[in-house]
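Participant: Input: one structure, supplied below.
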Amino acid sequence: MSRQIIEGKQSGETVTLAFSFLSHLATSETISSAITTATVYSGTDASPSSLIGGAPSISGSTVSQKIIGGTLGVTYALVCSATTSLGQVLQISGYLVIVPNL
């Protein structure tokens with residue numbers, strides 16, 4: 001599993017995160033499907049999956065996921081899993097912190 005640095009976001013923001021699988025794919029390999037999950041790494045949120053705003057979109061070697069809401073002070077562990085045309089299941093993870101409005 002690869003790691004990605006994700007900048008913090010405010011709870012009122014909606015952002016789209018891009019997960020690039022380019023360096024993990026063979027020359028003719030493509031991404032067939034993808035899913036992004038959210039769990040609580042630290043803090044308290046009874047429904048961390050509500051952070052995920054719909055289905056991800058795939059464009060070439062990149063999976064994009066809309067991220068919405070979140071609870072102030074909570075750190076979420078995000079995992080984007082992609083299944084490829086050659087049957088690989090690849091994952092990129094990162095931590096997202098919900099920061100206060102300044």
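The values are calculated or read from the model by the stated rules, or taken from the named source; none is laboratory data. Because the structure is a prediction, the values reported are computed rather than measured. Reconstructed Cβ throughout: ideal geometry from the backbone, glycine too, with neighbour counts over all protein chains shown. Quick note on the areas: whole protein, heavy atoms, side chains included, nothing else; ligands and nucleic acids left out. Shrake-Rupley method; radii C 1.70, N 1.55, O 1.52, S 1.80 Å.
Participant: Would you point out which residue out of Ser93, Ser42 is farther than 13 Å from Phe19 by Cβ, out of contact with any His (no Cβ under 9 Å at 6 or more places or on another chain) and not aliphatic (A, V, I, L, M)?
Facilitator: Ser42
Participant: Specify which of the listed residues (Val74, Val63) is of a type outside the set (Gly, Ala, Ser) and more than 14 Å from Ser20 (Cβ to Cβ).
Facilitator: Val74
Participant: Considering (1) modelled with pLDDT of 95 or more; (2) polar (S, T, N, Q); (3) open to solvent by 40 Å² or more (accessible area, probe 1.4 Å), say which one Asn101 fails and leave the rest.
Facilitator: Going through (1) modelled with pLDDT of 95 or more; (2) polar (S, T, N, Q); (3) open to solvent by 40 Å² or more (accessible area, probe 1.4 Å) one by one, Asn101 breaks only (1).
Participant: Need the failing condition index for Ile52 against (1) surrounded by 14 or more Cβ atoms within 10 Å (Cβ to Cβ); (2) in contact (Cβ under 8 Å) with a residue 24 or more places away in the chain, just the number.
Facilitator: (2)
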